[in-house]
1. For LYS117 and ALA104, compute 0.36 nm times the residue count separating them, minus their Cα-Cα distance, and round to one decimal in nm.
2. May I ask you to derive the FRET efficiency for GLU31 and GLU147 from their Cβ-Cβ distance with R0 = 30 Å, giving the value to the nearest 0.05?
3. Considering only protein heavy atoms and a probe of 1.4 Å, how much of the accessible area of region 74-211 is carbon and sulfur, as a whole percent?
4. Starting from one equal scatterer on each C-alpha and no solvent at all, send me the Debye-based log10 I(q)/I(0) for region 111-211 at q = 0.10, 0.15, 0.18, 0.22 Å⁻¹, two decimals.
5. Counting only C-alpha contacts under 8 Å and six or more residues apart, can you give the relative contact order of region 86-201 as a whole percent?
6. To two decimal places, what compactness ratio does region 161-204 give when its Cα radius of gyration is scaled by 2.2 N^0.38 Å?
Amino acid sequence: ALEILPEIAKISDPIVAGDYVARLADRLKTEVKYLYEAMERIQTKSKFQNPKLQTNSKSEIQNSKLKNNSCESHLLGLLLVFPEYFKTAKEFLSPADFFSEKTASIYKNLKKEYSLKRKFALKKFIESLSPNEQDFVNLIVLDVENEYIEEDKEVAGEEILSLVERIKKGKKEALSKNFEGQIKEAEKSGDKEKIKKLIREFQDLIIQGKK
(Lines give C-alpha, C1' and ligand atoms only; values in the text may rest on other atoms or scores of the structure.)
Protein backbone atom coordinates (compact mmCIF):
# COMPACT_ATOMS: atom_id res chain seq x y z
CA ALA A 1 0.00 0.00 0.00
CA LEU A 2 2.99 2.31 0.51
CA GLU A 3 3.41 2.33 -3.28
CA ILE A 4 0.37 4.65 -3.31
CA LEU A 5 2.41 7.45 -1.68
CA PRO A 6 4.17 8.61 -4.89
CA GLU A 7 0.73 9.13 -6.45
CA ILE A 8 -0.57 11.03 -3.41
CA ALA A 9 2.61 13.13 -3.45
CA LYS A 10 1.60 14.40 -6.93
CA ILE A 11 -1.64 15.96 -5.66
CA SER A 12 -1.37 19.75 -5.59
CA ASP A 13 -4.36 20.39 -3.29
CA PRO A 14 -3.08 19.95 0.31
CA ILE A 15 -6.59 19.29 1.64
CA VAL A 16 -7.25 16.49 -0.82
CA ALA A 17 -3.76 15.05 -0.30
CA GLY A 18 -4.17 15.27 3.48
CA ASP A 19 -7.43 13.33 3.33
CA TYR A 20 -5.76 10.56 1.31
CA VAL A 21 -2.85 10.41 3.75
CA ALA A 22 -5.18 10.22 6.76
CA ARG A 23 -7.17 7.37 5.22
CA LEU A 24 -4.00 5.52 4.22
CA ALA A 25 -2.55 5.94 7.73
CA ASP A 26 -5.74 4.49 9.21
CA ARG A 27 -5.57 1.55 6.83
CA LEU A 28 -1.90 0.88 7.60
CA LYS A 29 -2.39 1.46 11.35
CA THR A 30 0.42 4.01 11.48
CA GLU A 31 0.84 7.69 12.37
CA VAL A 32 0.18 10.33 9.72
CA LYS A 33 3.51 12.08 10.38
CA TYR A 34 5.46 9.03 9.19
CA LEU A 35 3.63 9.02 5.87
CA TYR A 36 4.30 12.75 5.42
CA GLU A 37 7.99 12.15 6.11
CA ALA A 38 8.02 9.38 3.50
CA MET A 39 6.25 11.68 1.01
CA GLU A 40 8.86 14.41 1.55
CA ARG A 41 11.62 11.92 0.77
CA ILE A 42 9.79 10.87 -2.40
CA GLN A 43 9.38 14.48 -3.57
CA THR A 44 13.03 15.32 -2.82
CA LYS A 45 14.24 12.22 -4.64
CA SER A 46 12.08 13.02 -7.69
CA LYS A 47 13.46 16.55 -7.98
CA PHE A 48 17.03 15.32 -7.56
CA GLN A 49 16.62 12.68 -10.28
CA ASN A 50 14.90 15.09 -12.67
CA PRO A 51 15.98 18.75 -12.26
CA LYS A 52 13.32 19.88 -14.76
CA LEU A 53 10.69 19.06 -12.15
CA GLN A 54 11.96 21.98 -10.06
CA THR A 55 10.57 24.46 -12.60
CA ASN A 56 7.74 22.45 -14.09
CA SER A 57 6.57 20.53 -11.01
CA LYS A 58 3.54 22.75 -10.36
CA SER A 59 1.91 22.20 -13.74
CA GLU A 60 3.01 18.57 -13.85
CA ILE A 61 1.45 17.84 -10.46
CA GLN A 62 -1.80 19.56 -11.39
CA ASN A 63 -1.99 17.34 -14.48
CA SER A 64 -1.24 14.21 -12.46
CA LYS A 65 -3.92 14.37 -9.76
CA LEU A 66 -4.87 11.06 -8.31
CA LYS A 67 -8.04 10.46 -10.27
CA ASN A 68 -8.99 7.20 -11.87
CA ASN A 69 -11.12 7.99 -14.91
CA SER A 70 -11.69 4.38 -15.86
CA CYS A 71 -15.34 3.33 -15.64
CA GLU A 72 -14.29 -0.17 -14.63
CA SER A 73 -12.01 0.82 -11.76
CA HIS A 74 -14.47 3.44 -10.53
CA LEU A 75 -17.26 0.85 -10.56
CA LEU A 76 -15.11 -1.58 -8.58
CA GLY A 77 -14.31 1.12 -6.05
CA LEU A 78 -18.00 1.92 -5.60
CA LEU A 79 -18.94 -1.75 -5.20
CA LEU A 80 -16.22 -2.25 -2.59
CA VAL A 81 -17.24 0.83 -0.57
CA PHE A 82 -20.98 0.23 -1.05
CA PRO A 83 -21.23 -3.60 -1.12
CA GLU A 84 -25.00 -3.51 -0.69
CA TYR A 85 -25.28 -2.70 -4.41
CA PHE A 86 -23.23 -5.65 -5.64
CA LYS A 87 -26.23 -7.98 -5.82
CA THR A 88 -27.88 -5.64 -8.33
CA ALA A 89 -24.69 -5.10 -10.36
CA LYS A 90 -23.86 -8.80 -10.72
CA GLU A 91 -27.27 -9.45 -12.29
CA PHE A 92 -26.26 -7.34 -15.28
CA LEU A 93 -22.47 -7.52 -15.38
CA SER A 94 -20.04 -10.43 -15.79
CA PRO A 95 -16.21 -10.52 -15.74
CA ALA A 96 -16.32 -10.96 -19.54
CA ASP A 97 -17.78 -7.44 -19.86
CA PHE A 98 -14.52 -5.88 -18.62
CA PHE A 99 -11.72 -4.77 -20.95
CA SER A 100 -8.99 -4.79 -18.29
CA GLU A 101 -7.77 -8.21 -17.16
CA LYS A 102 -6.98 -6.77 -13.73
CA THR A 103 -10.45 -5.35 -13.10
CA ALA A 104 -12.05 -8.50 -14.55
CA SER A 105 -10.00 -10.68 -12.18
CA ILE A 106 -10.87 -8.58 -9.12
CA TYR A 107 -14.54 -8.50 -10.09
CA LYS A 108 -14.48 -12.30 -10.50
CA ASN A 109 -12.97 -12.65 -7.01
CA LEU A 110 -15.62 -10.29 -5.70
CA LYS A 111 -18.35 -12.50 -7.16
CA LYS A 112 -16.79 -15.53 -5.47
CA GLU A 113 -16.68 -13.69 -2.16
CA TYR A 114 -20.36 -12.77 -2.36
CA SER A 115 -21.32 -16.32 -3.37
CA LEU A 116 -20.13 -17.44 0.09
CA LYS A 117 -23.10 -15.53 1.53
CA ARG A 118 -21.24 -14.08 4.48
CA LYS A 119 -20.81 -10.52 5.67
CA PHE A 120 -18.43 -8.72 3.35
CA ALA A 121 -15.19 -7.62 5.01
CA LEU A 122 -13.24 -5.21 2.81
CA LYS A 123 -9.88 -5.62 4.58
CA LYS A 124 -10.02 -9.42 4.39
CA PHE A 125 -10.98 -9.28 0.74
CA ILE A 126 -8.05 -6.98 -0.07
CA GLU A 127 -5.69 -9.30 1.82
CA SER A 128 -6.84 -12.21 -0.38
CA LEU A 129 -5.63 -10.43 -3.54
CA SER A 130 -2.16 -10.36 -5.09
CA PRO A 131 0.19 -7.53 -3.96
CA ASN A 132 -0.30 -5.70 -7.27
CA GLU A 133 -4.09 -6.01 -7.02
CA GLN A 134 -4.00 -4.87 -3.38
CA ASP A 135 -2.26 -1.61 -4.33
CA PHE A 136 -4.75 -1.05 -7.15
CA VAL A 137 -7.77 -1.71 -4.92
CA ASN A 138 -6.42 0.50 -2.14
CA LEU A 139 -6.15 3.34 -4.65
CA ILE A 140 -9.65 3.03 -6.09
CA VAL A 141 -11.18 2.61 -2.63
CA LEU A 142 -9.39 5.71 -1.35
CA ASP A 143 -10.60 7.57 -4.42
CA VAL A 144 -14.25 6.62 -3.82
CA GLU A 145 -14.06 7.27 -0.09
CA ASN A 146 -12.72 10.72 -0.83
CA GLU A 147 -15.64 11.54 -3.14
CA TYR A 148 -18.56 9.90 -1.38
CA ILE A 149 -19.88 10.11 2.17
CA GLU A 150 -22.36 7.89 3.98
CA GLU A 151 -25.26 10.13 2.94
CA ASP A 152 -24.33 9.56 -0.73
CA LYS A 153 -25.48 5.93 -0.78
CA GLU A 154 -28.36 6.59 -3.16
CA VAL A 155 -26.13 8.66 -5.43
CA ALA A 156 -23.60 5.82 -5.42
CA GLY A 157 -26.33 3.34 -6.34
CA GLU A 158 -27.39 5.43 -9.33
CA GLU A 159 -23.77 5.86 -10.43
CA ILE A 160 -23.18 2.09 -10.22
CA LEU A 161 -26.13 1.35 -12.53
CA SER A 162 -24.96 4.06 -14.93
CA LEU A 163 -21.41 2.64 -15.01
CA VAL A 164 -22.68 -0.90 -15.56
CA GLU A 165 -24.65 0.31 -18.58
CA ARG A 166 -21.66 2.25 -19.97
CA ILE A 167 -19.29 -0.70 -19.54
CA LYS A 168 -21.64 -3.13 -21.28
CA LYS A 169 -22.31 -0.64 -24.09
CA GLY A 170 -18.58 0.00 -24.57
CA LYS A 171 -17.77 -3.70 -24.73
CA LYS A 172 -20.61 -4.35 -27.18
CA GLU A 173 -19.45 -1.53 -29.48
CA ALA A 174 -15.86 -2.80 -29.38
CA LEU A 175 -16.95 -6.34 -30.24
CA SER A 176 -19.16 -5.05 -33.05
CA LYS A 177 -16.24 -3.13 -34.58
CA ASN A 178 -14.07 -6.21 -34.25
CA PHE A 179 -16.61 -8.35 -36.11
CA GLU A 180 -17.03 -5.70 -38.81
CA GLY A 181 -13.27 -5.66 -39.33
CA GLN A 182 -13.09 -9.46 -39.57
CA ILE A 183 -16.03 -9.58 -42.01
CA LYS A 184 -14.35 -6.98 -44.27
CA GLU A 185 -11.13 -8.99 -44.26
CA ALA A 186 -13.06 -12.16 -45.14
CA GLU A 187 -14.82 -10.31 -47.98
CA LYS A 188 -11.47 -9.18 -49.37
CA SER A 189 -10.15 -12.74 -49.37
CA GLY A 190 -13.42 -14.09 -50.78
CA ASP A 191 -13.89 -16.55 -47.90
CA LYS A 192 -17.69 -16.98 -48.07
CA GLU A 193 -17.84 -19.65 -45.36
CA LYS A 194 -15.99 -17.43 -42.92
CA ILE A 195 -18.28 -14.52 -43.77
CA LYS A 196 -21.37 -16.64 -43.01
CA LYS A 197 -19.83 -17.85 -39.75
CA LEU A 198 -18.92 -14.33 -38.62
CA ILE A 199 -22.37 -12.97 -39.51
CA ARG A 200 -24.02 -15.75 -37.44
CA GLU A 201 -21.74 -15.01 -34.50
CA PHE A 202 -22.44 -11.29 -34.86
CA GLN A 203 -26.21 -11.92 -34.90
CA ASP A 204 -25.89 -14.09 -31.78
CA LEU A 205 -24.01 -11.27 -30.09
CA ILE A 206 -26.81 -8.81 -30.89
CA ILE A 207 -29.47 -11.22 -29.58
CA GLN A 208 -27.52 -11.78 -26.33
CA GLY A 209 -27.17 -8.02 -25.89
CA LYS A 210 -30.95 -7.59 -26.01
CA LYS A 211 -31.55 -10.15 -23.26
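1. Numbers: separation 13, 0.36 × 13 = 4.68 nm, distance 2.07 nm.
That works out to 2.6 nm of additional length.
2. Efficiency for this residue pair is about 0.75.
3. Working: 4500 of 8730 Å².
Result for region 74-211: 52 percent of the exposed heavy-atom area is carbon or sulfur.
4. The computed values of log10 I(q)/I(0) come out as -0.54, -0.86, -0.98, -1.18.
5. 25
6. On the way: Rg = 13.2 Å, N = 44, 2.2 N^0.38 = 9.3 Å.
Relative to the 2.2 N^0.38 Å estimate, region 161-204 comes out at 1.42.
The values are calculated or read from the model by the stated rules, or taken from the named source; none is laboratory data. Keep in mind the model is a prediction, meaning the values are calculated, not measured. Reconstructed Cβ throughout: ideal geometry from the backbone, glycine too, with neighbour counts over all protein chains shown. Keep in mind that these areas ignore ligands, DNA and RNA; they rest on the heavy atoms of the full protein, side chains included. Shrake-Rupley method; radii C 1.70, N 1.55, O 1.52, S 1.80 Å.
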